[in-house]
Amino acid sequence: MDSLLLTGGRVIDPANRFDSVSDLLITNGKISAIGHDAAKKASQETERMDVSRLVVCPGLIDLHVHLREPGQTAKETIATGTAAAARGGFTSIVCMPNTSPAIDNSGTVALIGERAAQHGAVNVYIAGAITKNIAGEELAPIGSLKRAGVVAISDDGHCIQNNELMRRALEYAKMFDLPVMDHCQDYALVTDGVMHEGYWSTALGLRGWPAAGEEMIVARNTLLAEVTGAHVHCQHISAAGSVRLLREAKKRGLPISGEACPHHFTLTDAAIAGSEKFWREESKANTSLHAAVANHQLPSWPAYDTNFKMNPPLRTAADRDAILEGVIDGTLEIICSDHAPHCDYEKEVEFDYAPFGITGLETELALSLMQLYHSRRLSLSELISRFTVAPARLLRLQKGTLSIGADGDVTIFDPAREWVFDKSATASKSVNSPLHGWPLKGKAVATIVKGKKAWVEQTDLAGV
Ligand SMILES: [Zn+2]
């Protein structure tokens, strides 16, 4: 029998409203006991891990990750991307279909499934494309994608501009009981914008990506969710107006949801003007981010640093507040990274020409703890629910809980651990993170997938 006993940790399972110092036993890859029973049920051979003073929670889920395999393995592979996930505390991820070729047919789903089973450090779920080759013109074979095992469909990186085509996609998705995840971007409004349209884009002479370019598609999606009754999930929401639209739509009971990425609720577009201007704005406004890092040497970076270029872009302090508010009141019920690795040589060009996207799997938990828990906006249990029950519910995964009999996927983290993110120590194949050298608070120390240690912080629990 294969078993692991975690002793003395603070076990938090939002799905069961459980929060208590407790032991947890995993047997043959499943949660088999919790509380007083756990130690009693453990056998002589059971491996023990002392996790006192650490939080033990259901394995975290990140439903928005770019693994880049097949086709772009210079940026990331299934092996390196899932290793980064494990290091960040994630036991399950959903990979986006904008690979090369795109995941728009059952053969590619099977290929990724096979490779993930072979090389994946964590569970890999797959999002299929909505349209063939993510071109936004012709629907992909949604039924056959579902049969091949996708958990959702998305044209992420792109956005279907034809509203009638999107309506048909939603009708098909509803027939096959699949949520549709949408990267909300109106091409006519955004054109070739590279950063948020506002004061800083003007000051820096960069082309603007207006908030309305996102809000327009969020509004479209609420209308189509109402017409079709299909579930639309709006990805990486960046603008205050989008949060408002989603809040109203959810109040009316529409089948719609939203997600937030840590960079959008931590940083603002002032970062593209360089660290000096960014920190000056933060200290003037006395933000929670400034309070969190004020005792450390403030991280510095130059203006036009392409590691601050992502799609949708960083926006204003008011937008950042609105995203935080959306996560707090449950309008944006899910937190995810939009982990988007790119090679150095691709990012080391003028801001206009650099690809959009940053890595995020290893910094996501810390930023979320800093901006939501340490700043007293959410309890630990509430924060954990955004990474567990909420994504599991959307995608109908049998995950995200420590119920007896559930898969033995467990994340162990220290919410108070202070550390500095060093891009040279990342498990990802890419280093395009704006957070190199940042003082962070909160860190995963062990990630357990189906009862097996997918990753353990060497300094902490090794040899226990
Ligand atoms: Zn996207």
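The values are calculated or read from the model by the stated rules, or taken from the named source; none is laboratory data. This one's a predicted model, so the numbers in the text were calculated from it and none came from an experiment. Here Cβ is always computed from backbone atoms with ideal geometry, including for glycine, and neighbour counts include all displayed protein chains.
Taking into account only those residues within the range 64-80 that are in contact (Cβ under 8 Å) with a residue 60 or more places away in the chain and surrounded by 24 or more Cβ atoms within 10 Å (Cβ to Cβ), which is farthest from residue 94 (Cα to Cα)?
75
Considering 111, 60, which residue is touching a residue at least 12 places away in the same chain (Cβ under 8 Å) and within 29 Å of residue 385 (Cβ to Cβ)?
Going through 111, 60 in turn, just one is touching a residue at least 12 places away in the same chain (Cβ under 8 Å) and within 29 Å of residue 385 (Cβ to Cβ): 60.
Only residues that are assigned to a strand (DSSP E or B) and farther than 15 Å from residue 16 by Cβ: list them for the range 408-419, please.
Those that are assigned to a strand (DSSP E or B) and farther than 15 Å from residue 16 by Cβ: 411, 412, 413, 414, 415, 416, 417, 418, 419.
Test of understanding: among 192, 155, 186, 177, which residue is among the charged types (D, E, K, R) and touching a strand residue (DSSP E or B) at 6+ places or on another chain (Cβ under 8 Å)?
155
Count, please, the residues in the range 143-169 that happen to be away from the ligand (no atom under 16 Å from the Cβ), under 19 Å from residue 221 (Cα atoms) and crowded, with 24+ Cβ neighbours inside 10 Å.
The total comes to 1.
Conditions (1) crowded, with 24+ Cβ neighbours inside 10 Å; (2) part of a loop (DSSP other than H, G, I, E, B); (3) not basic (Lys, Arg), marked per residue:
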| residue | (1), (2), (3) |
| --- | --- |
| 52 | no, yes, yes |
| 62 | yes, no, yes |
| 82 | yes, no, yes |
| 104 | yes, yes, yes |
| 111 | no, no, yes |
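Please state which of the following conditions residue 415 fails to meet, knowing it meets all the rest: (1) crowded, with 18+ Cβ neighbours inside 10 Å; (2) of a type outside the set (A, V, I, L, M, F, W, C); (3) free of Cβ contacts under 8 Å to residues at least 12 places away in the same chain.
(3)
Run residue 92 past the list (1) among the polar types (S, T, N, Q); (2) touching a helix residue (DSSP H, G or I) at 6+ places or on another chain (Cβ under 6 Å); (3) more than 16 Å from the ligand (Cβ to nearest atom) and report the number of the one that doesn't hold.
All conditions pass for residue 92, except number (2).
Go through the range 312-360 and count every residue that is on the phi < 0 side of the Ramachandran plot, buried (at least 22 other Cβ atoms within 10 Å of the Cβ) and within 16 Å of the ligand (Cβ to nearest atom).
Total meeting the criteria: 17.
Please go through the range 37-50 and give me each residue that is in a helix (DSSP H, G or I) and either in contact (Cβ under 8 Å) with a residue 12 or more places away in the chain or β-branched (Val, Ile, Thr) (or both), ordered by number.
37, 38, 39, 41
Can you spot a residue in the range 400-413 that is within 17 Å of the chain's Cα centre (by Cα), on the phi > 0 side of the Ramachandran plot and either more than 16 Å from the ligand (Cβ to nearest atom) or at pLDDT 95 or above (or both)?
Scanning the range 400-413 turns up at least one residue that is within 17 Å of the chain's Cα centre (by Cα), on the phi > 0 side of the Ramachandran plot and either more than 16 Å from the ligand (Cβ to nearest atom) or at pLDDT 95 or above (or both).
So is residue 178 away from the ligand (no atom under 16 Å from the Cβ), outside any helix (DSSP H, G or I), crowded, with 16+ Cβ neighbours inside 10 Å and in contact (Cβ under 8 Å) with a residue 24 or more places away in the chain or not?
It is true that residue 178 is away from the ligand (no atom under 16 Å from the Cβ), outside any helix (DSSP H, G or I), crowded, with 16+ Cβ neighbours inside 10 Å and in contact (Cβ under 8 Å) with a residue 24 or more places away in the chain.
What are the residues in the range 448-464 that are at pLDDT below 95 and either of a type outside the set (S, T, N, Q) or in a strand (DSSP E or B) (or both), if any?
457, 460, 461, 462, 463, 464, listed by residue number.
Out of the residues in the range 271-311 that are at pLDDT 95 or above, assigned to a helix (DSSP H, G or I) and in contact with a strand residue (DSSP E or B) (Cβ under 9 Å, 6 or more places away or on another chain), state the one that is surrounded by the most Cβ atoms within 10 Å (Cβ to Cβ).
272
Take the residues of the range 362-405 that are assigned to a loop (DSSP other than H, G, I, E, B) and among the small types (Gly, Ala, Ser): which is farthest from residue 437 (Cα to Cα)?
405
Could you list, in sequence order, the residues of the range 233-246 that are outside any loop (DSSP other than H, G, I, E, B) and aliphatic (A, V, I, L, M)?
Scanning the range 233-246 gives 240, 243, 245, 246.
So which residues in the range 8-49 are of a type in the set (S, T, N, Q) and surrounded by 17 or more Cβ atoms within 10 Å (Cβ to Cβ), if there are any at all?
22, 27, 32, 46
For the range 425-447, check the following and say yes or no: at least one residue is part of a loop (DSSP other than H, G, I, E, B), small (Gly, Ala, Ser) and touching a Leu at 6+ places or on another chain (Cβ under 9 Å).
For the range 425-447, residues part of a loop (DSSP other than H, G, I, E, B), small (Gly, Ala, Ser) and touching a Leu at 6+ places or on another chain (Cβ under 9 Å): present.
Of everything in the range 225-241, what is over 18 Å from the mean Cα position of the chain (by Cα) and within 16 Å of the ligand (Cβ to nearest atom)? Give them in sequence order.
Those that are over 18 Å from the mean Cα position of the chain (by Cα) and within 16 Å of the ligand (Cβ to nearest atom): none in the range 225-241.
Can you find a residue in the range 222-232 that is under 27 Å from residue 299 (Cβ atoms), part of a helix (DSSP H, G or I) and touching a residue at least 40 places away in the same chain (Cβ under 8 Å)?
no
Can you pull out the residues in the range 84-102 that are among the hydrophobic types (A, V, I, L, M, F, W, C), outside any strand (DSSP E or B) and more than 27 Å from residue 141 (Cα to Cα)?
84, 85, 86
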